[in-house]
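A.B. asks: Sharing a structure below in structure tokens format, with a few things to ask.
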Amino acid sequence: MFTPNTFTRSLSAFNPVARSWTALPLRQHTASLPSPPLPRPATRREQLSLVTWNIHATPLKRLERSQLILDRILDSNSPDIVFLQEVATDVRQSVLDHARVRARFFTSDAEDDSAFKNVPFATMTLLSNERFTSSPFLAEGKEGGGGGRVSEMMKLHSVFRMTLPSRFGRDALCVNLHDPATPGQVFRLVNVHLDSLDSYFRRAFEVHLLNGLLREGGCGGGVIAGDFNAIDPLDLTLVEKHGLDDAWSKLRGETKGDDGATWGVGVELERGLKPGRLDKVVVLGLEPVDIEVLRPGRVDGGMRWSDHCGLRCTFRV
């Protein structure tokens, strides 16, 4: 019987004076037994935006493609949260070297590359340093440019990875945030890349474990997003069977054809394959507000940035 292990990780901020990434002072995650989440008050709720994208780790033009995807994500309407999947070691370094990432984001996996060893790729999470903080003083709010109050910053709690029953060595990258609606609780951001191909039984077990992550004692819910590799008909109801909300289905209803598809879009597919909604944003205790598919461009008019589209989702905490 598979028993998941958890490993404490860090979020880091770039120090422009030292020209290096420095780990933030966060707590250690401690797992608790499942418990019903406390009811969330119906008062003012914070709104957050998230982009998730499997950036495709194939070596061909990998650095150039990942740079174009990151530029697309960070241009103009930059999200509060970025989930990346299929990040190879060289791409990890290019993300850490990216000027806008250094200026505007906290990032996972800056302290070392241990999550990238013995696997072809891993996940990374970026969090806006304008919306999140490790300081209890900044978390109380800040003044806008005109002297008015702006949205409160959300306080970071802890970061960890949890192993999954994956034949590819994949895991769940989790960030805990202090829940502004229910003091004493956290809500959880979970970046995932579930097992590929004919591994439905593994994906089913993985979703079972991920569901448990959002229902731990002291956790008031959260969001699970990334590449769910939902290619089997049984995958279509896997999320709902656990009482979780698929943001796309909740906001757009059941779609047919290419609508909502995030893989195989705009390309010729072999062996009777069809475009599919492999990537998802799944929530518990949060309210999805809007969701859209971000289609990749092409490198010099040729190769697509990725075989996956991205997803951008806005939700209320």
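Readers should treat all values here as calculations from the given coordinates under stated rules, not as data from a laboratory. Bear in mind that the values here come from a model prediction, so they are computed numbers and not experimental data. Methodologically, a virtual Cβ is constructed for each residue, glycine included, from the backbone with ideal geometry; neighbour enumeration extends over all protein chains shown.
A.B. asks: Would you please put 1-7, 303-309, 57-63 in order of how densely packed they are, using the mean number of other Cβ atoms within 10 angstrom per residue and starting with the highest?
C.D. replies: Highest mean packing first, the order is 303-309, 57-63, 1-7.
A.B. asks: Tell me, what is the percent relative contact order of the chain, built from C-alpha pairs under 8 Å that lie six or more residues apart?
C.D. replies: 20
A.B. asks: Extending each Cα 7 Å along its Cβ direction at F2 and M303, get the distance between those two points in nm, one decimal.
C.D. replies: 3.1
A.B. asks: Could you give the size of the charge dipole of segment 43-316 about its Cα centre, using +1 on the Cβ of each K and R and -1 on the Cβ of each D and E, expressed in debye and rounded to the nearest 20?
C.D. replies: Dipole about the Cα centre, nearest 20: 160 debye.
A.B. asks: Rounded, prolate or oblate: pick one for the chain, where a ≥ b ≥ c are the square roots of the eigenvalues of its C-alpha gyration tensor, a/c under 1.5 means rounded, and failing that, prolate if a/b is larger than b/c, else oblate.
C.D. replies: It is rounded, given that a/c, with a ≥ b ≥ c, falls under 1.5.
A.B. asks: Calculate how large, on average over all directions, the projected area of the Cα convex hull of segment 148-204 is; give the answer in nm² to one decimal.
C.D. replies: The orientation-averaged projected area of the Cα hull of segment 148-204 comes to 5.7 nm².
A.B. asks: Another question, then. Sorted by mean Cβ packing within 10 Å, highest first, what order do the peptides 191-204, 289-302 take?
C.D. replies: The densest-packed peptide leads the list: 191-204, 289-302.
A.B. asks: What does the charge count near T89 come to, summing +1 for each Lys or Arg and -1 for each Asp or Glu among other residues with Cβ under 15 Å from its Cβ?
C.D. replies: -4
A.B. asks: Let me ask you something else. Provide the gained length on full extension for the span D258 to T237, in nm with one decimal, where the gain is 0.36 nm per separating residue minus the Cα-Cα distance.
C.D. replies: 5.7 nm
A.B. asks: Less than 10 Å Cβ to Cβ from S114, Lys/Arg counted +1 and Asp/Glu -1: what total charge do the surrounding residues give?
C.D. replies: Within the 10 Å Cβ shell, the charges total -1.
A.B. asks: Report, in order of residue number, the helices in the chain meeting two criteria: a C-alpha extent of 20 Å or more along the helix axis, and a mean Kyte-Doolittle hydropathy of at least -0.5; treat each whole DSSP H run as one helix.
C.D. replies: 200-214
A.B. asks: Kirkwood Rh over alpha-carbon pairs of segment 229-280, then Stokes-Einstein at 4 °C and 1.567 mPa s: what D in µm² s⁻¹, rounded to an integer?
C.D. replies: After rounding, the answer is 109 µm²/s.
A.B. asks: Among 215-228, 113-126, how do they line up by average Cβ neighbours within 10 Å per residue, starting with the highest?
C.D. replies: In decreasing order of mean packing, 215-228, 113-126 become 215-228, 113-126.
A.B. asks: Still on this structure, I have one more. What is the local net charge at C219, summed over the other residues whose Cβ is closer than 10 Å to its Cβ (Lys, Arg +1; Asp, Glu -1)?
C.D. replies: Taking every Cβ under 10 Å from that of C219, the sum is 0.
A.B. asks: Between E152 and D97, what is the label-to-label distance in nm when each label sits 7 Å out along the Cα-to-Cβ direction?
C.D. replies: It works out to 4.1 nm between the two label points.
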